[in-house]
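Visitor: So that we are looking at the same thing, I have put the structure below in structure tokens.
Any read-out appearing in this document is the output of simple, stated calculations on the displayed coordinates, not a laboratory observation. Because the structure is a prediction, the values reported are computed rather than measured. Positions of Cβ are generated from backbone atoms using ideal geometry, with glycine treated the same way; all protein chains shown enter the neighbour counts.
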Amino acid sequence: LFTYKHPLKSCIFEYLYFMNINTITNEDSVINFRRKVSKELANQIIKFNKKLYNHWKHNNAIISGVPTSGNYYGKQLSIFLSLNYIQFLEKKINERTFIMASNKERLNECKKKYKINPNINIKNKILILVDDSIVRGNTLNYLVSFLRTYDPKEIHIISASPPIKHPCNYGVDFPDIEDLVYNKVEPYKLSHMLNVESITYLDINNLLKIKKDSCSACFNGKEL
């Protein structure tokens with residue numbers, strides 16, 4: 001008789017990104033999970049990035065999700081942070097670029113994937129882009145360069161997941177460890193590398209408070 005010695009754990013990245021937001025699995029609601037993530041992230045910003053938060057509040061910063069999976073996080077953050085949500089960034093095609101085979105393919109798809117809503121003026125505005133995660137950084141690199149052509153005053157990035165530091169050995173197509181953007185430079189240099197004013201990640205401890213029975217090896221390297 002075969003006995004499995006390790007407790008079964010769900011992939012936390014599925015809840016953060018892959019699953020449809022209306023999914024309920026193992027009695028867990030994905031939308032409820034993502035709402036809790038947004039609330040933890042907002043509390044983290046208010047508590048530990050108070051200066052930045054006040055800067056956003058006093059200068060009428062606007063939040064937009066990176067379509068599509070970033071939209072819900074962005075909307076919830078705008079509520080918890082009392083900031084304006086305006087979906088200035090829109091998607092033209094529905095492709096998941098991080099699982100494509102090469103950087104050239106990913107970049108080409110990024111160029112075809114997004115557009116700015118022509119009815120929204122972002123010139124001289126402080127923009128906050130909210131995404132579900134940052135893997136290689138290719139999409140954000142392109143988006144920031146694209147947004148800069150519209151002359152915003154500042155661009156800030158918020159990731160609804162902690163830094164992805166390790167490749168996944170259980171089926172998610174993350175790249176080799178040296179290709180993950182968080183590992184390419186010192187963390188304090190990331191904002192300079194991506195040409196943004198700030199980058200905020202959800203703290204791993206805040207994520208694990210929400211869903212303890214999950215595999216989080218891509219964030220902390222702890223294999224099952």
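Visitor: Let me know the charge dipole size of the chain about its Cα centre in debye, to the nearest 20, where only the beta-carbon of Lys, Arg (+1) and Asp, Glu (-1) is charged.
Guide: Result for the chain is approximately 600 debye, rounded to the nearest 20.
Visitor: Right, another one. Please work out how much length the chain gains when fully extended from TYR170 to LYS212, using 0.36 nm per residue of separation minus the C-alpha to C-alpha distance, in nm with one decimal.
Guide: Net length gain for the segment: 13.3 nm.
Visitor: Pairs of alpha-carbon atoms within less than 8 angstrom and 6+ residues apart define the contacts here; what relative contact order does the chain have, in percent?
Guide: Relative contact order of the chain: 21 percent.
Visitor: Same structure again: Counting helices only, and only those DSSP H runs with n ≥ 4, report the 222 nm mean residue ellipticity of the chain as the sum of -39,500 (n - 2.57) divided by its residues, in deg cm²/dmol to the nearest 500.
Guide: Mean residue ellipticity at 222 nm (helix-derived): -10000 deg cm²/dmol.
Visitor: Continuing with the same structure: Return, for the Cα atoms of the range 104-224, the radius of gyration and Dmax in Å, separated by a comma.
Guide: 15.7, 49
Visitor: What does the charge count around PHE48 come to, taking other residues whose C-beta lies under 14 Å from its C-beta (Lys +1, Arg +1, Asp -1, Glu -1)?
Guide: Summing Lys and Arg as +1 and Asp and Glu as -1 gives +1.
Visitor: Take every Cα pair under 8 Å in the range 147-201 that's 6+ residues apart, average their separations, divide by the length, and report that relative contact order as a whole percent.
Guide: 47
Visitor: Describe numerically, in nm with one decimal, the distance between label points set 7 Å from Cα along Cα→Cβ at ILE177 and at ASN49.
Guide: So the label points at ILE177 and ASN49 sit 2.7 nm apart.
Visitor: Right, next: Place a point 7 Å from the Cα of LYS92 along the Cα-to-Cβ direction; which residues of the range 119-134 have their backbone N under 18 Å from it?
Guide: 119-120
Visitor: In square nanometres, what is one fourth of the surface area of the convex hull spanned by the alpha carbons of the chain?
Guide: If you wrap the Cα atoms of the chain in a convex hull and average its projections, you get 13.2 nm².
Visitor: When Rg is the radius of gyration of the Cα atoms in the range 120-184 and Rh is its Kirkwood radius, what does Rg/Rh come to?
Guide: Using only Cα positions, Rg/Rh for the range 120-184 is 1.07.
Visitor: By a straight-distance test (C-alpha under 16 Å), which lysines pair with LYS9 as possible cross-link partners, with residues fewer than eight away in the same chain excluded?
Guide: LYS209, LYS211, LYS212, LYS222
Visitor: Follow-up. For ILE79 and LEU8, compute 0.36 nm times the residue count separating them, minus their Cα-Cα distance, and round to one decimal in nm.
Guide: Taking 0.36 nm per residue and subtracting the Cα distance, the gain is 22.1 nm.
Visitor: Further question: With label points built 7 Å along Cα→Cβ from the Cα atoms of GLU186 and THR68, find their separation and express it in nm.
Guide: 4.1
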